[in-house]
Amino acid sequence: MINILMIEDDPEFAELLSEYLAQYDIKVTNFEDPYLGLSAGVKKYDLLILDLTLPGMDGLEVCEEVVRKYDIPVIISSARSDIQDKVSGFEIGADDYLPKPYDPKEMYARIMSLLRRYSKSEKTETAAPQGDFALKGDTLYFKGAALNLTPAEFEVLSLLVKHQGITQSREQIINTSGTMSIDSQGKSLDVIISKIRSKLGELDPDDAKRIQAVRGVGYKLV
């Protein structure tokens with residue numbers, strides 16, 4: 001059975017989707033209160049369906065916290081039509097965005113597509129060839145060896161590994177970090193990157209060059 005966490009303050013809407021997905025052996029557990037949803041043990045679910053207009057906490061804030069702390073796919077489902085909400089959702093780390101109203105069949109298709117992609121990613125990670133990165137639990141491995149990283153270094157490198165080859169802006173890196181604030185996006189981030197490079201280059205100095213600075217934007221892992 002697939003277990004889905006839903007944070008949606010419209011119980012009738014949530015029930016309608018839940019009843020439709022049940023025929024595919026998908027169980028939806030909905031929380032109208034975002035704080036209750038976040039405290040429900042997010043990591044035990046396979047996917048999150050998230051509304052943006054929620055009581056007491058904006059859905060984008062919920063998305064940011066989930067992406068920072070957990071490795072599960074996130075589908076934003078919202079009636080808000082502001083394109084900036086959609087852009088912000090993807091920048092924070094949401095995997096998909098489905099505007100309301102929608103046909104439950106489309107939501108089902110998107111759920112299955114995302115879960116297949118995550119499943120393939122996990123298999124690739126487990127069988128990662130020597131010289132690549134692998135994330136196992138709270139430990140990052142490089143060339144088969146566990147990296148000794150501080151919490152901040154782990155957060156930054158994990159993000160770069162997850163989006164290897166894609167430039168991550170300073171704002172994206174800071175926003176997904178629980179140990180840095182937006183005020184530290186300058187020197188502190190550069191210091192962390194420098195320390196990560198040193199640890200990657202301990203065996204081969206060329207490995208330190210795997211993290212490249214993109215002028216005026218941020219960093220990327222190659």
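A few notes on this one:
Conditions (1) at pLDDT below 85; (2) touching a Ser or Thr at 6+ places or on another chain (Cβ under 6 Å); (3) under 25 Å from Y70 (Cβ atoms); (4) basic (K, R), marked per residue:
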| position | (1), (2), (3), (4) |
| --- | --- |
| A145 | no, no, no, no |
| L149 | no, no, yes, no |
| V161 | no, no, yes, no |
| I173 | yes, no, yes, no |
| I193 | no, no, yes, no |
| D204 | no, no, no, no |
| R210 | no, no, no, yes |
| V214 | no, yes, no, no |
| V222 | no, no, no, no |
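- Residues that are among the charged types (D, E, K, R) and under 26 Å from K43 (Cβ atoms) within region 70-84 comprise just one, D71.
- Region 82-114, residues that are part of a loop (DSSP other than H, G, I, E, B) and either loosely packed, with under 12 Cβ neighbours inside 10 Å or under 16 Å from the mean Cα position of the chain (by Cα) (or both): D82, G93, A94, D95, P101, D103
- Within region 198-216, residues that are among the polar types (S, T, N, Q) reach partners that are in a strand (DSSP E or B) with beta carbons closer than 7 Å, at six or more positions or on different chains, in the pairs Q212/Y219; Q212/K220.
- Members of region 1-46 found to be surrounded by 14 or more Cβ atoms within 10 Å (Cβ to Cβ), among the aromatic types (F, W, Y) and out of contact with any Pro (no Cβ under 6 Å at 6 or more places or on another chain), listed by number: F13, F31, Y35, Y45
The values are calculated or read from the model by the stated rules, or taken from the named source; none is laboratory data. This one's a predicted model, so the numbers in the text were calculated from it and none came from an experiment. Heads up, the Cβs are rebuilt from the backbone with ideal geometry, glycines too, and the neighbour counts pull from every protein chain shown.
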